[in-house]
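Chemist: Structure incoming, see below.
The values are calculated or read from the model by the stated rules, or taken from the named source; none is laboratory data. None of the values given here were measured: they were computed from a predicted structure. Neighbour counts run over all protein chains shown; Cβ positions are idealised from the backbone, glycine included.
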Amino acid sequence: MLLFSLRIIKALITRIDQNDKLPPWGVIIMLQNMGTTDRVVRVLAVFVIAALYFSGQISGIAVIILGIIAVALLATGVAGFCPAYFPFKISTRRKS
């Protein structure tokens with residue numbers, strides 16, 4: 001798993017489109033592969049999970065499972081990068 005993660009990071013660092021320019025401090029660590037709609041839906045799902053928790057609708061093991069899912073959705077939504085999209089070269093981001 002670690003080797004797979006390192007390969008993804010290496011691919012992300014070396015895969016820079018010709019139109020992209022490097023920042024002055026070096027290489028781009030992550031390329032965004034999520035569009036605005038995708039990101040908004042993920043963050044809204046986090047708010048729904050939080051509302052279910054605070055209203056007492058979910059409890060027990062469901063809280064743990066949905067909490068882990070919410071953290072993953074929030075992290076990918078804020079970063080704009082979904083690691084599950086990367087191996088399949090999926091991008092919901094508009095081409096400009």
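Chemist: Which residues, counting only those in region 40-96, are surrounded by 16 or more Cβ atoms within 10 Å (Cβ to Cβ) and aromatic (Phe, Trp, Tyr)?
Modeler: Residues satisfying the conditions are 53, 81, 85, 86.
Chemist: Have a look at 71, 63 and point out the one that is free of Cβ contacts under 8 Å to residues at least 24 places away in the same chain and under 12 Å from the mean Cα position of the chain (by Cα). Steps first, please.
Modeler: On the way: 63 fails: under 12 Å from the mean Cα position of the chain (by Cα).
Residue meeting the stated conditions: 71.
Chemist: Could we say that residue 39 is part of a helix (DSSP H, G or I), more than 15 Å from the chain's Cα centre (by Cα), under 18 Å from residue 90 (Cα atoms) and at pLDDT 55 or above here?
Modeler: Details: part of a helix (DSSP H, G or I): yes; more than 15 Å from the chain's Cα centre (by Cα): no; under 18 Å from residue 90 (Cα atoms): yes; at pLDDT 55 or above: yes.
So residue 39 fails the test.
Chemist: Exactly one of these conditions fails for residue 58: (1) within 30 Å of residue 94 (Cα to Cα); (2) in contact with a helix residue (DSSP H, G or I) (Cβ under 6 Å, 6 or more places away or on another chain). Give me its number.
Modeler: Going through the list (1) within 30 Å of residue 94 (Cα to Cα); (2) in contact with a helix residue (DSSP H, G or I) (Cβ under 6 Å, 6 or more places away or on another chain), residue 58 breaks only (1).
Chemist: Taking the options 84, 79, name whichever one is under 15 Å from residue 34 (Cβ atoms) and in contact (Cβ under 8 Å) with a residue 40 or more places away in the chain. Talk me through it step by step, then tell me what you get.
Modeler: On the way: 84 fails: in contact (Cβ under 8 Å) with a residue 40 or more places away in the chain.
Answer to the check: 79.
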